[in-house]
Amino acid sequence: MLYRIAQPADWQQAQDTGFFASADLTAEGFIHASELAQVLETARLYYRNSPDAVLLEVPEKGLAAAGVRVEREWAAGRQAWFPHVFGRIPLASISRCWPFPVAPDGSAQLPPELG
């Protein structure tokens, strides 16, 4: 499973268009995603003060079936491999979505189902 923290505007746009995309796709050519063990640190570093964020769960098999390429690339700053999604994510490929409020200090809690 891949996970993506999404801002409300990006999630609303996905509801309207049928595809999740974000500014990183336009700027870098891919959507940044995380493995489950990386989600909380990603929230702390990049999503501080995002009380209306949501957490998207995306099975890689669903992306492959939709023809969307995923590659894991080394992020030297975090000393870890991260999944990068090379294209818009079809809404049908997102298996679950949870409210994922991130506090001003970057703290957040995983949904109980993922705990």
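Quick note: the coordinates plus some simple rules give every number you see, no bench work behind them. These numbers come from a predicted model, not from an experiment. Cβ atoms come from the backbone with ideal geometry, glycine included; neighbour counts cover every protein chain shown.
Of note:
- At most 14 other Cβ within 10 Å, DSSP loop - trypsin sites (Lys or Arg not before Pro), the stretch 56-115: Arg78
- Sorted largest first, the spans of the alpha carbon positions of the stretch 39-107 along the three principal axes are 38, 29, 14 Å.
- Translational diffusion coefficient of the stretch 1-52 (Stokes-Einstein, Kirkwood radius from Cα pairs, 37 °C, 0.692 mPa s): 277 µm²/s.
- Amide H partners (placed H, <5 Å) of Ala33, local residues excluded: Val85
- Cα-projected label distance for Arg48 with Leu91, points at 7 Å along beta-carbon direction, nm: 3.4 nm
- Calculated FRET value between Glu60 and Asp105, using beta carbons and R₀ = 35 Å, to 0.05: 0.65
- Only alpha carbons enter this Debye calculation for the chain, each as an equal point scatterer, and the log10 of I(q)/I(0) it gives at q = 0.20 Å⁻¹ is -1.14.
- Report summary: the helix-based calculation at 222 nm, which adds -39500 (n - 2.57) for every DSSP H run with n ≥ 4 and divides by the residues of the chain, gives -7000 deg cm²/dmol.
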